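The values are calculated or read from the model by the stated rules, or taken from the named source; none is laboratory data. Please read all numbers here as calculations on a predicted model, not as lab measurements. Note: ideal-geometry Cβ built from the backbone for every residue, glycine included; neighbour counts use all protein chains shown. Heads up: the accessible areas ignore ligands, DNA and RNA and are worked out on the full protein's heavy atoms, side chains in. Shrake-Rupley method; radii C 1.70, N 1.55, O 1.52, S 1.80 Å.
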Amino acid sequence: MSAGQVLDRASGAYLGFACGDALGATVEFMTPKQIQKRYGVHQDIIGGGWLGLEAGQVTDDTQMSLAVGQAIIDNQGWNIQAVADNFVAWLESDPPDIGNTCRRGIMRYRDSGELFGPPRDDDAGNGACMRNLPVVLSTLNRPDCFSVWSLQQSRITHNHPLSNAATLTLGRIVNHLINGQDMDACQQEAERLIGQYGEFAYRPYSGKASGYIVDTVQTVLHYFFSTDSFESCLVATVNQGGDADTTGALAGMLAGAKYGVQQIPERWLRQLDQQIAVQIRQQTAELIRFGESL
Ligand code: MN
Ligand code: MN
C-alpha cells in the first residue's frame, strides 16, 4: 500500500463522512415517503432540514469528529481529558445540533470531571460511533491503541455494549479499507459483530434508520454492501430518512474509504463548507503522520 493510496482513502473517508452529514441533514427525521414527495430523490447538498442549515453546513457528527481529531493532533498523543475538554468547548459554542445523550455526558464531565457515566440502557444511540473516525486514522497500524482509545472516547457520553461493539466494528472496517483489504475482510468484520450481537443482522434489511445504534448500523451496512459507487451508496442511504445525517456520514465514511476521494462527486465537494473541508484535509494528513510515529 503506497502512502498516496492511504491518504487518498483516508481523505475519502473523512470528506465522505462530512458530505454524508451535510447531504443527510436536509432529510433528517423524515420518512422515505416524505422525502420522495418533497424531493423525488434527494441527491444534492442544499441545506435546510429541521435545523435550517446553510447548504454545505455540517452538524454535530462532523463537529464532534473534528473535536476528537484536534485533541489527538494538539497533544501528539492520546489524552482523553483533552478530548472531553474539546467536547465541552464545542457544547459551549452553541452548536446547531446536539443529541441528548451527548449533552448529558458532556455536562456530567464538565460538572464532575468524570470521564464516563454508569452503564445505561438508553445510551445505545449512535452518538459515540459517529465521531470515531479520527481515532481510526491515527491508529492505522495499532489495533491495540484503536480499541482502547475508541472505547474511552465513546464512554464519555455512551456506556453501552451495543454502542461499543458497533464503534469497534465500523472502525475496523474502515481500517481494512484504507489498508487495501478486500470486501471479504469487511464482510467478515460485519459477520463477527452479528455473531456477537444478533440484533445487528441486516439481511433482510428492515428499513429502520433511526439513531438507535442497531438501526443505524443495519442501514449503513446494508447500503454499503449493496451499492457499487460512492454516490449511489450515499444517495440510497440518506433517502432512507430517519437519522439521515448520521447514517449518511457513516456510509460516506465507509464508501469514501473504499472508493477514495476521487470518487466523491465534485458537486458535493464544492458545496461542502470550505472551512470544514480544509480542516478535514489537514487533520487527515496530520492524524496519519502522527499514527506512523506510534
Ligand atoms: Mn447530526
Ligand atoms: Mn443525526
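Some observations on this one:
- Set against the 2.2 N^0.38 Å expectation for a compact globular protein, region 1-143 has a Cα radius of gyration ratio of 1.17.
- The residues of region 209-253 expose on average 19 square angstrom of accessible surface per residue, using a 1.4 Å probe on protein heavy atoms.
- Surface/4 estimate of mean projected area, convex hull on alpha-carbon atoms of region 105-182, nm²: 5.2 nm²
- Structural size metrics of region 170-247, computed from C-alpha coordinates, are Rg and Dmax of 12.1, 31 Å.
- Amide hydrogen proximity for Gln57: with H placed 1.01 Å from N in the peptide plane, the residues at 5 or more positions away or on another chain lying under 5 Å are Asp273.
- Using the alpha-carbon positions of region 1-64, Rg (one decimal) and Dmax (whole number) come out as 14.3, 46 Å.
- Accessible surface ranking for Asp61, Asp228, 1.4 angstrom probe, highest first: Asp228, Asp61.
- Within the accessible area of the chain (1.4 Å probe), percent carbon and sulfur: 48 percent
- Ellipticity at 222 nm from helices only: DSSP H runs of n ≥ 4 in the chain, each -39500 (n - 2.57), divided by the residue count, give -20500 deg cm²/dmol.
- Charge tally in the Cβ shell below 15 Å around Ile178, where Lys, Arg are +1 and Asp, Glu are -1, Ile178 excluded: +1
- Charge tally in the Cβ shell below 14 Å around Gly12, where Lys, Arg are +1 and Asp, Glu are -1, Gly12 excluded: 0
- Along principal axes, Cα extents of region 212-255, largest first, whole Å: 26, 15, 15
- In order along region 48-56, phi translates into HN-Hα couplings of x, x, 5, 8, x, 7, 5, 4, x Hz, rounded to whole numbers, per the Karplus curve 6.51 cos²θ - 1.76 cosθ + 1.60 with θ = phi - 60° and x for Gly and Pro.
- Database remark: amide H of Gly125 closer than 5 angstrom to the amide H of Ile213 (H placed geometrically; neighbours at sequence offset of 5 or more, or on other chains; Pro and chain starts carry no H).
- Per residue, the convex hull spanned by the alpha carbons of region 66-132 comes to 90 Å³.
- Estimated translational D of the chain in µm²/s (Stokes, Kirkwood radius over Cα pairs; 10 °C; 1.306 mPa s): 86 µm²/s
- The 3J(HN,Hα) values that the Karplus relation (6.51, -1.76, 1.60; θ = phi - 60°) gives for region 74-87 are, in residue order, 5, 9, 6, x, 8, 9, 5, 4, 5, 4, 5, 4, 5, 5 Hz. Gly and Pro appear as x.
- A quarter of the convex hull surface defined by the alpha-carbon atoms of region 60-217 gives 9.4 nm² as the mean projection.
- Within-10-Å neighbourhood charge of Thr157 [Cβ basis; K, R +1; D, E -1]: +4
- In a simple Cβ point-charge model (Lys, Arg +1; Asp, Glu -1; nothing else charged), region 174-224 has a dipole of about 140 debye relative to its Cα centre.
- Relative to the globular-protein estimate of 2.2 N^0.38 Å, the Cα radius of gyration of region 150-294 stands at 1.05.
- GNM flexibility winner over the chain from Leu221, Leu91, Leu254 (Cα, springs under 10 Å): Leu91
- Averaging 1/r across all pairs of distinct Cα atoms in region 81-120 and inverting the result yields a Kirkwood radius of 10.4 Å.
- Contact order normalised by residue count of the chain, Cα under 8 Å, 6+ apart, percent: 34 percent
- Residue by residue, region 23-32 carries 3J(HN,Hα) couplings of 6, x, 4, 4, 10, 4, 6, 8, 8, x Hz when phi is fed to the Karplus relation 6.51 cos²θ - 1.76 cosθ + 1.60 (θ = phi - 60°); x denotes Gly or Pro.
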